[in-house]
1. Across region 166-182, what is the number of residues that are within 15 Å of ligand 1 (Cβ to nearest atom) and over 17 Å from the mean Cα position of the chain (by Cα)?
2. Taking the criterion of being in contact (Cβ under 8 Å) with a residue 40 or more places away in the chain and part of a loop (DSSP other than H, G, I, E, B), would at least one residue in region 69-80 satisfy it?
3. Select from region 117-151 the residues that are of a type in the set (G, A, S) and under 16 Å from F56 (Cα atoms) and write down the one among them that is nearest to ligand 1 (Cβ to nearest atom).
4. Residues in region 70-86: is at least one within 26 Å of G210 (Cα to Cα), surrounded by fewer than 18 Cβ atoms within 10 Å (Cβ to Cβ) and under 13 Å from the mean Cα position of the chain (by Cα)?
5. Restricting to region 152-165, name every residue that is in a loop (DSSP other than H, G, I, E, B) and near ligand 1 (Cβ under 9 Å from one of its atoms).
6. E103: of a type outside the set (G, A, S), more than 16 Å from ligand 2 (Cβ to nearest atom) and not in a helix (DSSP H, G or I), yes or no?
7. Select from region 4-36 the residues that are touching a residue at least 40 places away in the same chain (Cβ under 8 Å), surrounded by fewer than 17 Cβ atoms within 10 Å (Cβ to Cβ) and within 24 Å of G142 (Cβ to Cβ) and list them in ascending order.
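The values are calculated or read from the model by the stated rules, or taken from the named source; none is laboratory data. What you see is a predicted model, and the numbers here were worked out from it, not measured in a lab. No Cβ is skipped: glycine too gets one built from the backbone with ideal geometry, and neighbour counts run over all protein chains shown.
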Amino acid sequence: MKRSNGSPIRFVLPKGRLLPGSLEILQRAGIELRPPAERRLIERIGSYEVLLARAFDVPVYVEYGIDVGISGSDVVEERGSDVLIPLELPFGKCRLSLAMPAESTVKPEDMDGYRIATKYPGITRRFFEMLDVEVEILKLHGSIELAPKIGIADAIVDIVETGNTLRANGLVEVEKIMDVSALLLVNRIAQKTKFEEINELVWKVKEVIGDGF
Ligand code: PRP
Ligand code: MG
């Protein structure tokens, strides 16, 4: 890859569910990255410096100076990150939805005073603000479906992929708030200072998607 200034491209990969898809699409694009070895969180691999971060933090790293990253559109929306999004990636497809115990029949616009458990307080607040409904938001970091099941929340806003976790916990989807997909993120300044390298990377990934990744 041509280098304008010889410095590596810094690429932040997400830990967890999006990691295998991220590595696969990059590999198919001829970009052989792997997560840093053992407990190291950053490693030089060829012309890249690879970082491994929590999925929820990836857009923050990219906004504050890491050149490129991959994360879900749910996280970018929640963080309100100021990053460039040159490509939507064909994996990590799911949706962010409002869900409630199956026996409940209340509509979102009638949820005034309800307590909503979620990993996404920003998106949840904005969703209910649009409905002019005031809810209490209970921020949790995972296993959100547990909250209504044990009675500490009335509803949840969380990721739904197959719907298995909802079903297994007696919950039903009330309303989809947004479709979610993995995204390629680029830092605004890097897009200028590493213009050629970043464009080449984006084109390579775009070609793989065009070939039906
Ligand atoms: C995610 C998400 C849902 C579930 C959705 O949880 O938060 O709970 O997967 O997938 P499904 O519709 O196919 O069941 P995850 O397993 O990542 O754990 P966490 O919520 O504890 O982070
Ligand atoms: Mg979960």
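1. Adding up the residues that qualify gives 9.
2. Among the residues of region 69-80, at least one is in contact (Cβ under 8 Å) with a residue 40 or more places away in the chain and part of a loop (DSSP other than H, G, I, E, B), which makes the answer yes.
3. The residue in question is G142.
4. So far as region 70-86 goes, yes, one or more of its residues are within 26 Å of G210 (Cα to Cα), surrounded by fewer than 18 Cβ atoms within 10 Å (Cβ to Cβ) and under 13 Å from the mean Cα position of the chain (by Cα).
5. Of everything in region 152-165, those that are in a loop (DSSP other than H, G, I, E, B) and near ligand 1 (Cβ under 9 Å from one of its atoms) turn out to be E161, T162, G163.
6. For E103, the condition - of a type outside the set (G, A, S), more than 16 Å from ligand 2 (Cβ to nearest atom) and not in a helix (DSSP H, G or I) - is met.
7. Hits for region 4-36 are K15, R17.
Each row is one residue, and each column tells you yes or no for (1) closer than 17 Å to A55 by Cβ; (2) in contact with a helix residue (DSSP H, G or I) (Cβ under 8 Å, 6 or more places away or on another chain); (3) polar (S, T, N, Q).
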| position | (1), (2), (3) |
| --- | --- |
| L96 | yes, yes, no |
| A99 | no, yes, no |
| V106 | no, no, no |
| G113 | no, no, no |
| V135 | no, yes, no |
| E145 | no, yes, no |
| S181 | yes, yes, yes |
